[in-house]
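The values are calculated or read from the model by the stated rules, or taken from the named source; none is laboratory data. What you see is a predicted model, and the numbers here were worked out from it, not measured in a lab. Backbone-built Cβ (ideal geometry, glycine too); neighbour counts: all protein chains shown.
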Amino acid sequence: MADNFWEAKLNEKDELAEPKKEDESKRKAIASVAKADVDLADFPVETWDSDSAANEIVSWYNANRLATEQKTLAEFKELSGIKRINSTRDAQQLLDTAITTLQDEGCTVWNKPHQLPESGTLKAKIGGLAIGWVFVIIWCGLSFIVTIFMGGSILSDIGTEDWTPTDGIITDSGVDISSSSEGGDTYCLWVTYNYTIDNMTYDGYLVSHSQESSCDSWSSDADAEYPPGSEITVYVNPDSPYEAVLETGLAAVPFMMFFFFLFPLVGVIILLGMLRATVLTIKNEIF
């Protein structure tokens, strides 16, 4: 009787232990399959050494969870027994906890970190990039044209710094006024003058290359600087006496013209931003 009693107890103990071993084997098998399916390399993280990196795992869990409530990084740290993320080993432990949590919820299929739960989101990002690139192309194209136009005039003025000075006389000057459909007036200065060099008299009309056909909305009395009959200094091209200006170098460039160079600068910044956004989208959402 005693022998049968202790034999029954041993059998009962073995029966209780076997399910535990079986459960442990199943857990390891499931974890093994899961690790093969989702790996740290799937996340857009180069170095696992911060909470910011660890949040990629938490975000992935929350995107695939079956549980009603989202979990936080603090909750996963507590579940996995990690105080902080300092290494790949810590991150792997956190990922294992996230995978186990998903499986405990009954989740058997999930998107990888670089995949989106809904393709519509990816399409929206691609659409946004397309619109952004159209804007960048238009902005940079117009900025390039402005730079060529303005830059050419400025370089021409810089090239006049060594032109030969000679005496001249203003023959006439004035300001042409034009009105826009918005109701504002535009003032355009014009000047004509004579100058003599090598006993030859020539006619000129340029104040400077930058101010050729110079117009603005505030210089209604721009011709006051050049009253007819006044004596002036004219700067003549030593290689061509037919070319002359009244102002030379950077001093001849209207200050407001320099603001136009902000457009290509902004264009470069926008272009770099679009390149970065495109590369990140391709890296994180497509590959």
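Kindly evaluate residue 156 against the criterion of being assigned to a loop (DSSP other than H, G, I, E, B) and either more than 30 Å from residue 273 (Cβ to Cβ) or at pLDDT 85 or above (or both).
When the stated conditions are applied, residue 156 does not pass them.
Restricted to the stretch 46-96, and to residues that are touching a residue at least 40 places away in the same chain (Cβ under 8 Å) and not in a helix (DSSP H, G or I), which residue is surrounded by the most Cβ atoms within 10 Å (Cβ to Cβ)?
48
Can you tell me which residues in the stretch 120-145 are within 12 Å of residue 271 (Cα to Cα), of a type in the set (Val, Ile, Thr) and modelled with pLDDT under 85?
none
Looking at (1) of a type outside the set (Asp, Glu); (2) farther than 27 Å from residue 262 by Cα; (3) in contact with a Gly (Cβ under 7 Å, 6 or more places away or on another chain), can you tell me which one residue 163 breaks?
(3)
From the list 195, 242, 226, pick out the single residue that is under 18 Å from residue 174 (Cβ atoms), modelled with pLDDT of 85 or more and aromatic (Phe, Trp, Tyr).
So the residue among 195, 242, 226 that is under 18 Å from residue 174 (Cβ atoms), modelled with pLDDT of 85 or more and aromatic (Phe, Trp, Tyr) is 226.
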